[in-house]
Amino acid sequence: MSQSSVLTLSLQVDLQYLSDVIAEGADPKSTDKYGQTCLHEISRAWNVDVMRFFLEKGADIQQADAYGVTPLHVAAALDYKEMICFLLGMRAVELVATTMGYLQTALHFAAKNDATTAIGLLVQHGADVAARDYKQRTPLQLAANRGRSEAAHVLLELGADAGVQDSDGQLCISAMIEQMAPVAHLALNQFHLTDRTTRQQFYYLHLLEPEPISLRQLELIVQNGKLDLIMHPVVLKLITVKWNLYGRTGAWILLILNFLFIVSWTTVAISVSVVRDEEHPYVFPEDWWRVLVVILALGLTVAEVSREVAELTRSHRKLRRWRGWLQRRIHDDLRRVHPMWPQEQHFLEKQIEFVRKMKPDYYRDLWNVFDWLVYVLLTAVFGIHVADILIVESALREYSLRLFAVTIIFLWLRLMKHVRAFREMGPFIVMLGNIVGDVLRFLFLYVEIFIPYACAFWIIFGGKGAVPSMQTVPQLLYSLYRITLVDEYEFDAMVAMDAMMAYLLCGTFLGLSAILCVNLLIALLSDTFQRVYENAQANGVMQQAAVILQVEQSMPSLRALCDDRYVQRRCAPLGEFCAEHFVTDPERHEETRKIAVGVKVAQGGGRSYGPEPAEPGPKRTEEGHEGAASSITEPDTVQLQAMSVSPTHRTAKKPTDDLKFLGKHSTNS
């Protein structure tokens, strides 16, 4: 709200008239049908002097409406800086006052309305950033759920915890990943702490995997293609842990099964092409191995289709469960919406509409569509092959061979789906997928040029013996394609038949297709290559994460065999040696050296409990706590399990508590 609008509203108020009305018996505490007093309206847009006037006349600054909303809630939601400062200056104002249904403080109202100035003022005056509403949501989590990126960013800078979980089991970081990737990247830093004293770094991976119903963080990142988040150290470490635990094994199993599936059908196709007597396609006992290969191919096909159907069913079931869970959450909020805030109701209704339109994740992956294309081709080719055996006819055999030849190409292309799990190949597979889109866009332009020129060539040269390569329509179309590739074509024959039209049509078509269109295609492919190559590592990691999720969903027994609770048990937190170079402040270095000398003198040259550090001086954690030089040796990887943080009690124990414990431990050791 601008200062000019506030001043205009203030000039319109006749304070003397209001004073006379109150003196005649008007109650400044009177309410409307929603229980709101005049202070609620004043806190929206009126000048601070008007608020001061009503308070002097006996209005209650803490009087809430029928929904528990106080004037401070209103001013905070509208980011009215002057009014907030005035209200906070009144000792009677309670920052912990909550609404009736939502149980939300003024800080909650500021967060969900993106009132960044109000957030700073409230926190500066002692508002609790960890306050919870009726669903145990903090202001940060509420801002994330409402898509308020600026408010979430400010709250993170003010120390709000991104690892909290509400009563429905949803993490605060989940909504950030889906709606505000830059803020989520900042929030993920809270899950990665470095203790410079002991040169240890800690990954709180268990805080990313607690949700039983809603989507997990890695799944959200992969589904939304967040390349910037996939390269965050915490996400990379989570992927590495899962890959080493069961991802690599599952990827190799899928790759080997798919390779056997492809080789078996390739063998069947080649064996069918062997010249046999048409009346006896299979000769026994010589062809027993062919029957065995067919049985193996059919068995692998049934296994692949069964896995695909199970994945499709699981995806639909998961969407129904998640949709019902999310709709219950939204309806809980809708029942508590204040009638004076219709924009909040509109936002929640839009969310319900969006949830209803969502489709299962299965259809988002185009590789699944490609799989079904392969299965349809295999079904068709096997059906024709069986018909060829039962009904001996040369036409069926010819169709069978043709369809086998096409199917084999798609079969081998399908191998890329499972090779993408390995980071070296992932970027190239992504590149090929993007190139398909570029080629389709190019074909539209090419067809726009190709069709009219095909008609023109047919009118002048088609169907005549003078130009043999254009006697039929297929021959003519292929000849034009060869002109595009600057291949050989019967130009002399066309000149002999009609010189003027030959020069005109061939010259213009060659310029438009071979020079313009082909170079445009090359430019598109070059741009795609450069764009993907710049993010080659991120694309490789993204493809690997996608395969890990596929293994988790399609091979639950493998995951259970490899300790399904490994992340919760062993990564709470996961401690590792930090090999990066630590820079020491020279002034603090000298100060610590003097302290160390004083300690030695006081001990009288007592026993040393560890090697003297090569670089004495205070090493600082990311929280700024100083610690003494550690006598702990520096192994390549150290997993520290003493600092286990339960997902249900993580708000009681902060990551900084673990670092303080480590500093004390290293000093005592």
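A few remarks follow.
- Multiplying the residue separation of Leu401 and Val96 by 0.36 nm and subtracting their alpha-carbon distance yields 102.0 nm.
- Förster-model FRET efficiency, 35 Å R0, Ser167 and Ser557, C-beta, rounded to 0.05: 0.65
- Across region 178-183, computed HN-Hα scalar couplings (Karplus, 6.51 cos²θ - 1.76 cosθ + 1.60, θ = phi - 60°) run 7, 10, 8, 4, x, 5 Hz from first to last residue, x flagging Gly and Pro.
- Here the spin labels are modelled as points 7 Å beyond Cα on the Cα-Cβ line, and at Arg565 and Ile256 they lie 3.0 nm apart.
- Working note: Cα atoms of region 52-127, range along each principal axis, descending, whole Å: 33, 27, 19.
- Sequence-ordered 3J(HN,Hα) estimates for region 169-177 from the Karplus curve with 6.51, -1.76 and 1.60 and θ = phi - 60° stand at x, 8, 7, 4, 5, 4, 5, 5, 4 Hz, glycine and proline given as x.
- In region 147-265 the Cα-Cα distances spread across 5 Å bins starting at 0 as 2, 10, 18, 19, 18, 11, 8, 6, 4, 3, 1, 0, 0 percent of all pairs.
- Over region 237-419 - Rg/Rh using Cα atoms and the Kirkwood inverse-distance radius: 1.21
- Near-label residues of region 361-401 by backbone N, under 19 Å of a point 7 Å along Cα→Cβ of Ser271: 378-391, 397-398, 400-401
- Protection proxy ranking of 418-428, 480-490 - average other beta-carbon atoms within 10 Å, highest first: 418-428, 480-490
- Cα→Cβ-extended label distance, 7 Å offset, between Ile451 and Ser394, nm: 3.8 nm
- Estimated vicinal HN-Hα couplings, Hz - region 355-364 in sequence order (Karplus 6.51, -1.76, 1.60; Gly, Pro = x): 5, 5, 8, 5, 10, x, 5, 4, 7, 6
- Estimated from the Cβ-Cβ distance and a Förster radius of 60 angstrom, the FRET efficiency linking Lys33 and Gln530 is about 0.45.
- Rounded Å value of the spacing that divides the Cα centres of region 238-261 and region 420-434: 16 Å
- Sorting the segments 105-112, 163-170 by their residues' average number of neighbouring beta-carbon atoms within 10 angstrom, most packed first, yields 105-112, 163-170.
- Per-selection Rg to Rh, region 361-455 - Cα, Kirkwood hydrodynamic radius: 1.11
- Taken over region 3-179, the convex hull of the Cα atoms encloses 109 Å³ per residue.
- Residue pairs exceeding 19 angstrom between C-alpha atoms, taken from Lys29/Lys57; Lys81/Lys135; Lys33/Lys81; Lys318/Lys357: Lys81/Lys135; Lys33/Lys81.
- Additional length obtainable on full extension of the chain from Tyr503 to Trp325, 0.36 nm per residue less Cα span: 57.1 nm
- Here the label points at Ala387 and Leu227, each 7 Å from Cα along the C-beta direction, are separated by 4.7 nm in the simple model.
- Average projection, convex hull of the Cα set of region 132-198: 4.9 square nanometres.
- Extension gain, Asn189 to Arg52: 0.36 nm times the residue separation minus the Cα-Cα distance gives 44.9 nm.
- Highest mean packing first, where packing is the average number of other Cβ atoms within 10 Å per residue, the peptides 53-59, 15-21 line up as 53-59, 15-21.
- Euclidean distance between Cα centres, region 49-63 to region 500-534, Å: 75 Å
- Residues Tyr282 and Val473, FRET efficiency given R0 of 41 Å [Cβ-Cβ distance, rounded to 0.05]: 0.55
- Using alpha carbons only: equivalent-ellipsoid semi-axes of region 88-188, gyration tensor based, whole Å: 22, 15, 10
Each value in this text was obtained by applying a stated rule to the coordinates, not by laboratory testing. None of these values were measured; they are calculated from a predicted model. Because the Cβ atoms are built from the backbone with ideal geometry, glycine has one as well, and the counts that use them run over all protein chains shown.
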